[in-house]
Amino acid sequence: MKVSRVFNISLIIFPLFTLISVYLSNVALTITFATITFHFWLRAICGAIFSTIKLTGKERIFNVSDKELKLYEKLGVKNWKDKLPTYKPELFKERDLNKLYSNMLHSEFVHIAISFFSYTPLLLSIFWSYLHDSIIIFFITSVLASLLDMTFVIAQRYNRPRVKHLMSLIVEKHQKSTCKNN
């Protein structure tokens, strides 16, 4: 089953589970399902909103240092990056390198935003006294959700410099062939 289909079904199923657990007056299940629902909907909303932003790759947030790349080598990103599920795999099978690069920028940006907003339930549990007893659930789900999204950010940050380098080689080759023809 495609990742997008499972994701879209989850957008419906988890809110239903939340409503059922409210009806059953089970606070722990309600909080758990509501938090899962939040994280699924957060991904859908961030994907829709942030993918429309114009990104060039020159934004400071997209700078990848040599130290960072060495860390990714130590983490073995090369071995697991292709195993990550993708909502729209066709975006990363793009033959046009400029489009691929743009898709990678948007994916990274969306996952950074999701990682940041993953802590919203934790913040709500701190400020909403009714939820203080459940703060550990919010802490665990927020941290795990954030870490999950950071794996996608790491994969993009590992791959993007390689695509950029390939793009520059193609431009360089094109410029050399143009100079020879003139």
- request: Once you've got the GNM for the chain with C-alpha springs shorter than 10 Å, pick whichever of LYS88, LYS164, LYS58 has the biggest mean-square fluctuation.
  value: LYS58
field: Most positive-pole-ward Cα, SER102, LEU71, VAL171, against dipole of the chain from beta carbon charges
entry: VAL171
- request: Would you mind checking the stretch 63-86 for residues with the amide N under 11 Å from a putative spin-label position 7 Å along Cα→C-beta of LYS164?
  value: 63-66
message: Under the √(5λ) rule applied to the eigenvalues of the Cα gyration tensor, what semi-axes describe the equivalent ellipsoid of the chain? Give them in Å, descending.
response: 40, 17, 14
- line: Ordering ASP133, ASP149 by the accessible surface of their heavy atoms, 1.4 Å probe, largest first, yields ASP133, ASP149
task: Can you give me the three principal axis dimensions of the stretch 86-134 from its C-alpha atoms, in Å, biggest first?
output: 52, 15, 8
- line: The farthest towards the positive end of the charge dipole of the chain, of the residues PRO161, ILE140, LEU42, given +1 on Cβ of Lys and Arg and -1 on Cβ of Asp and Glu, is PRO161
task: Among the aspartates and glutamates, select those whose C-alpha is under 19 Å from the C-alpha of LYS78, and discard any that sit fewer than 8 residues away in the same chain.
output: ASP66, GLU68, GLU108, ASP149
field: Alpha-carbon Debye profile of the stretch 1-65, log10 I(q)/I(0) at 0.14, 0.25 Å⁻¹
entry: -0.58, -1.00
query: Along the charge dipole of the stretch 1-67, Cβ charges K/R +1 and D/E -1, which of ILE13, LEU24, GLY57 sits furthest on the positive end?
result: GLY57
message: Under a crude label model (7 Å from the Cα following the beta-carbon direction), how far is LYS54 from HIS174 in nanometres?
response: 2.0
- request: Return a whole-number percent for the relative contact order of the stretch 30-147, with Cα pairs under 8 Å and 6 or more residues apart as the contact set.
  value: 35
query: With charges set only on the Cβ (+1 for Lys and Arg, -1 for Asp and Glu), what does the dipole of the stretch 3-108 come to about its Cα centre, in debye to the nearest 20?
result: 200
query: For VAL27 and LYS74, what is the calculated FRET efficiency with R₀ set at 30 Å and r taken between the beta-carbons, to the nearest 0.05?
result: 0.10
message: Helix-only estimate, please: 222 nm mean residue ellipticity of the chain, summing -39500 (n - 2.57) across DSSP H runs of length 4 or more and dividing by its residues, to the nearest 500.
response: -25000 deg cm²/dmol
- prompt: Just how far, in whole angstrom, is the stretch 113-182 from the stretch 21-44 if you go by their alpha carbon centroids?
  reply: 25
query: What number, in percent, do you get for the relative contact order of the stretch 96-182 if the mean sequence gap of Cα pairs under 8 Å and at least 6 apart is divided by its residue count?
result: 40
message: Largest first and in whole Å, what are the equivalent-ellipsoid semi-axes of the stretch 73-112 based on the Cα gyration tensor, each being the root of 5 times an eigenvalue?
response: 19, 12, 11
Cβ crowding within 10 Å averaged over residues, with 107-116, 44-53, 59-68 ranked highest first: 107-116, 44-53, 59-68
task: Give me the Kirkwood hydrodynamic radius of the stretch 128-182, using the inverse of the mean 1/r over all pairs of distinct Cα atoms, in Å to one decimal.
output: 15.3
task: Filter the DSSP H helices in the chain by two things, a Kyte-Doolittle mean of at least 1.6 and an axial alpha-carbon span of 27 angstrom or more, and list the hits by number.
output: 3-23, 27-50
query: Taking the Cα centre of the chain as origin and charging only Cβ (+1 Lys, Arg; -1 Asp, Glu), how large is the dipole, in debye to the nearest 20?
result: 980
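The values are calculated or read from the model by the stated rules, or taken from the named source; none is laboratory data. As the structure is a computational prediction, the values presented were derived from the model and not from experiment. Ideal geometry is used to build each Cβ from the backbone, glycine not excepted, and the neighbour counts take in all protein chains shown. Side chains are part of the model used for accessible areas, which takes the heavy atoms of the whole protein and leaves out ligands, DNA and RNA. Shrake-Rupley method; radii C 1.70, N 1.55, O 1.52, S 1.80 Å.
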